[in-house]
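Notes follow the structure.
The values are calculated or read from the model by the stated rules, or taken from the named source; none is laboratory data. These figures come from a predicted structure and were not determined experimentally. So basically every Cβ, Gly included, is an ideal-geometry build from the backbone, and we count neighbours across all protein chains shown. The accessibility values were calculated without ligands, DNA or RNA, using every heavy atom of the protein model including side chains. Shrake-Rupley method; radii C 1.70, N 1.55, O 1.52, S 1.80 Å.
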Amino acid sequence: MKLLEEKILKEGIVLAGDILKVDGFINHQIDIPLMEALGRDMAEHFQGRGITKVMTIESSGIAPAVFTAKYLEVPLVVLKKQASKNLKTKVWQTEVVSYTKDISYDLTLARDYLTDGDHVLIVDDFLANGEAATGAVRLIRKAHATLAGVGVLIEKCFQPGREKLESQGIHVYAQARIRGLENGEIHF
């Protein structure tokens, strides 16, 4: 999506280790009109696929997922990265390794919010190694729900995330596809 690519070129910062810093408009400070446009585009891409829920992982995927759910007219389910003291219900959990933070965490889904009749779209900010998306897919499968696909704002094409998901037959849609981050420059 041209709008997102332009924003990344204007405000994105390339850090060491193939990290793209976009916190000025995606997660630390959120560009609401941009998130709404991205959510509308995501919803249009996945329209007509029988989606009953949009799912994301806290916290960076929440803003685009909210607007995607709004335009699909379905609920949003947020997977938790940290145990909540007030989550007094049965849960499904799976371990995920974070690429950017180099830590493992238990991704948690309250069983009350996903059923075997749900058809789920996963929306997230980045697709790099595919660990977060694969963890979300495992939770969807534990609930015996089905997966409509994975939509991401930014894909790092030079990392194996897409291949990992597509090898499982999962449809992946990326709004900006980055082929490289060399010498502080972003290449689409």
Taking the range 110-152, the whole-percent share of alpha-carbon pairs separated by over 11 angstrom is 62
Theoretical ellipticity at 222 nm over the chain - DSSP helices of four or more residues, -39500 (n - 2.57) apiece, nearest 500: -8500 deg cm²/dmol
Quick one: of Lys2/Lys142; Lys70/Lys90; Lys2/Lys70; Lys21/Lys164; Lys7/Lys70, which pairs are farther than 29 Å apart, Cα to Cα? Lys2/Lys142
Approximate spin-label separation Asp18-His187, in nm, with each point projected 7 Å along Cα-to-Cβ: 1.3
Dipole moment magnitude, nearest 20 debye, the range 1-155 about Cα centre, only Lys, Arg, Asp, Glu C-beta charged: 600
Calculate what fraction, in whole %, of the accessible area of the chain sits on carbon and sulfur atoms when a 1.4 Å probe is rolled over the protein chains. 48
Between the range 29-69 and the range 134-188, the Cα center-to-center distance that results, in Å: 15
Efficiency of FRET between Lys142 and Glu73 - r from beta-carbon atoms, R0 25 angstrom, step 0.05: 0.45
The range 1-158: radius of gyration over Cα atoms, expressed as a fraction of 2.2 N^0.38 Å: 1.02
Give the span of the range 72-188's Cα atoms along each principal axis, as three whole-Å numbers ordered largest to smallest. 48, 28, 26
Given 25 °C, 0.890 mPa s and a Kirkwood radius over Cα pairs, the Stokes-Einstein diffusion coefficient of the range 136-188 in µm²/s is 198
With every protein chain present, what is the per residue accessible area of the chain (1.4 Å probe, Å²)? 50
Candidate residues Tyr173, Tyr71: accessible-area rank, largest first, probe 1.4 Å: Tyr71, Tyr173
Count the DSSP beta bridges whose two residues both fall in the chain, then state the antiparallel fraction as a percent rounded to the nearest 5. 40
Across 5 Å bins beginning at 0, the whole-percent shares of Cα-Cα pair distances in the range 1-49 come to 5, 18, 24, 22, 15, 10, 4, 1, 0
On the first, second and third principal axes, largest extent first, how far apart are the outermost C-alpha atoms of the range 50-134 in Å? 35, 31, 20
